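Colleague: Here it is, the structure in full.
What follows is calculated from the coordinates using simple rules that are stated; it is not laboratory data. All values reported here derive from a predicted model rather than from experimental measurement. All Cβ positions, even for glycine, are placed from backbone atoms using ideal geometry, and neighbour counts span all protein chains on display.
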Amino acid sequence: MTSKDQKSIEAPLWLRVWRSQQENFQLIFIALFLALLIRAFVAEPRYIPSDSMLPTLHTGDRLVVEKLSYHFHPPATGDIIVFHTPQQLQAAYDKEQAFIKRVIATPEETVGVTNGKVYLNNHPLQENYIAEPPAYRLLPQQVPEHSVFVMGDNRNDSNDSHVWGFLPEENIIGRATFRFWPLSRIGFV
């Protein structure tokens, strides 16, 4: 028996396991690091907790929210976004709670609601994705710079910009891109 064999027999069990599995531990560490990096900067899964986006998204749907695109271009009308609680709601909701709504108007655009129709720059929006027409009126207002106006697709059951005002772009986490659950409704949103 060589002295090297003698030393490996005398080594504590944890050290022998470490030596024999070191490569596997390194792969696990790298995989965890990459997963955390991707979640922090590229994409993350999200759960839909309410009916505010019916019929597009249902309670319990699970989505992938991508975080990169808005570093290269601003949100566009029609995008479904996930965002942190706006300042106006922080008394009632946790600051880090996420909301999901559809972008209706972007900076410098004018938005209003009259006779069950949403108007963008004085033109009615064609909204085949809503649950029902809005049962409220909103006087036309211009979206300030670095903000967006968001609404839930379930217009009459949504805590959105028609209630609390404009959403600062800095609150946006990312854009909902893909529904991965339930499997029966899997696909791009």
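Colleague: What is the distance, in nm, between label points placed 7 Å from the Cα along the Cα-to-Cβ direction at Leu13 and at Gln26?
Modeller: Label at Leu13, label at Gln26, 2.6 nm between them.
Colleague: Give the long-range amide H neighbours of Ala43: residues separated by 5 or more places, or on another chain, with amide H under 5 Å away, using H modelled in the peptide plane at 1.01 Å from N.
Modeller: The answer is Lys67.
Colleague: Right, another one. Report, in degrees rounded to the nearest 10, the 0 to 90 angle that the Cα long axis of helix 13-41 makes with the longest principal axis of the chain.
Modeller: Tilt relative to the chain: about 10 degrees.
Colleague: Need the C-alpha centroid separation for segment 144-189 versus segment 56-116, integer Å.
Modeller: About 3 Å separates the Cα centre of segment 144-189 from the one of segment 56-116.
Colleague: Here is a follow-up. Cross-link candidates for Lys67: which aspartates and glutamates have Cα within less than 14 Å, leaving aside residues fewer than 8 places away along the same chain?
Modeller: Straight-line reach from Lys67, under 14 Å: Glu44, Asp79, Glu169, Glu170.
Colleague: Filter the chymotrypsin sites (Phe, Trp or Tyr not before Pro) in segment 1-107 down to the DSSP loop ones having no more than 16 other Cβ atoms within 10 Å, then list what survives.
Modeller: Numbers: sites: Trp14, Trp18, Phe25, Phe29, Phe33, Phe41, Tyr47, Tyr70, Phe72, Phe83, Tyr93, Phe99; in loops: Phe72, Tyr93.
Qualifying residues, ordered by number: Phe72, Tyr93.
Colleague: Two decimals, Cα atoms only, Kirkwood Rh: what is Rg/Rh over the chain?
Modeller: Details: Rg = 24.2 Å, Rh = 19.3 Å.
Rg/Rh for the chain comes to 1.26.
Colleague: May I ask you to order 127-137, 159-169 by the average number of other C-beta atoms within 10 Å around their residues, highest value first?
Modeller: Working: 127-137: 13.6, 159-169: 18.5.
In decreasing order of mean packing, 127-137, 159-169 become 159-169, 127-137.
Colleague: Do the sum for the chain: with -39,500 (n - 2.57) for every DSSP H run of n ≥ 4, divided by all residues, what is the mean residue ellipticity at 222 nm, to the nearest 500 deg cm²/dmol? All intermediate terms of the calculation are to be shown ahead of the outcome.
Modeller: Values: 3 runs with 41 residues, N = 189.
About -7000 deg cm²/dmol.
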